[in-house]
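Chemist: Before anything else, here's the structure in question.
We did not get these values from a lab; they are worked out from the coordinates using the rules stated. Note that the structure is a prediction, hence the values are computed from the model and not measured. A quick note on method: Cβ atoms are made from the backbone with ideal geometry, for glycine too, and the neighbour counts reach across all protein chains shown.
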Amino acid sequence: MLRQVNEGSTDVTWAVTSEEREREHLAVYFPLARGLLGYQVFLVHPDNQQSFGTRAPGELKQSLSVQGIGWPDTDVMRFNGYRVEKVPLTMMFKLIESKMADYFPRSVMEVEYELASRPSVQLVIEPHLAFYYPSPTYFFVSKRNRRLAERLKEGLDLALADGSLIALYNQQAFAQSANNMLRERQIIRLQSPVLHRSQGKR
């Protein structure tokens, strides 16, 4: 979708930010997911559901995870010393099912939907651990469309100020489910090398 924004066939899309994405597109600096995309639980083979959470930190770093081609998550995990295999999305679930890889980190906003939409996939959510790293999600528009970026930011700021945005967010099933999923988990905090340098100033 980011390519379509640059080509002009799409006006706006949303994505997790990175320095490269902000260099090539115009970001609307308003976090859309309230930080939830940065919390990631692990899809694992059912045989590993209980034992996975007992692994020492060094053992987890030796376990093989999968991430998508071009995803900023790959750089984050490698920066923090974790093993990652980059593969197409269609291969990720198969690698975990076949035990050729150990786990697939997925955002708490996405993981239940992804399992429900793939009923034939025999994977489960590991119950003990989660990663967290800053993963702001923004609207992106073409650099030629600065006025659209300004209008989006103005509208989001107004919705935040009058309370309607938070009310809408709290009504979403994914937000309630994500918050429940994080209760009593050990959160492993990672550093992110992929955010634009300006992010620390915003």
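Chemist: Over the Cα atoms of the chain, Rg to Rh with Kirkwood Rh, two decimal places?
Modeler: Details: Rg = 17.9 Å, Rh = 18.2 Å.
The Rg/Rh ratio comes out at 0.98.
Chemist: How far, in degrees from 0 to 90, does helix 146-161 lean away from the longest principal axis of the Cα atoms of the chain, to the nearest 10?
Modeler: For 146-161 against the chain, the angle is about 70 degrees.
Chemist: Turning to a different aspect of this structure: Given a cut-off of under 8 Å on Cα pairs at least six residues apart, what relative contact order in percent is computed for the range 36-132? All intermediate terms of the calculation are to be shown ahead of the outcome.
Modeler: Working: 156 pairs, mean separation 48.7, N = 97.
Relative CO of the range 36-132 lands at 50 percent.
Chemist: Can you give me the angle between helix 173-182 and the longest principal axis of the chain, using Cα atoms only, in degrees from 0 to 90, rounded to the nearest 10?
Modeler: 50 degrees
Chemist: Shifting gears a bit: Using 0.36 nm per residue, how much length does the chain from LYS143 to ARG118 gain when fully extended, once their Cα-Cα distance is taken away?
Modeler: Working: separation 25, 0.36 × 25 = 9.00 nm, distance 3.67 nm.
Computed gain between LYS143 and ARG118 is 5.3 nm.
Chemist: Restricting to the range 36-132, what percent of DSSP beta bridges are antiparallel, rounded to 5? Before the final figure, lay out the partial values.
Modeler: Values: 8 of 14 bridges.
Within the range 36-132, antiparallel bridges account for around 55 percent of the total.
Chemist: With a point put 7 Å past each Cα toward its Cβ, work out how far GLU97 is from GLU150 in nm, to one decimal.
Modeler: Using points 7 Å along Cα→Cβ, the separation is 5.1 nm.
Chemist: Here is a follow-up. Determine the relative contact order of the chain: mean sequence separation of Cα pairs under 8 Å and six or more apart, normalised by residue count, in whole percent.
Modeler: Values: 324 pairs, mean separation 73.6, N = 202.
Dividing the mean separation by the residue count of the chain yields 36 percent.
Chemist: How far apart, in nm, are the 7 Å Cα→Cβ label points at GLN186 and ILE69?
Modeler: In this crude label model, GLN186 to ILE69 measures out at 3.5 nm.
Chemist: Turning to a different aspect of this structure: At a 10 Å Cβ-Cβ cut-off, how would you order ARG147, ARG183, fewest neighbours first?
Modeler: ARG183, ARG147
Chemist: How big is the antiparallel share of DSSP beta bridges in the chain, given as a percent to the nearest 5? Show your work: numbers first, answer last.
Modeler: On the way: 16 of 26 bridges.
Taking every DSSP beta bridge within the chain, about 60 percent pair in antiparallel fashion.
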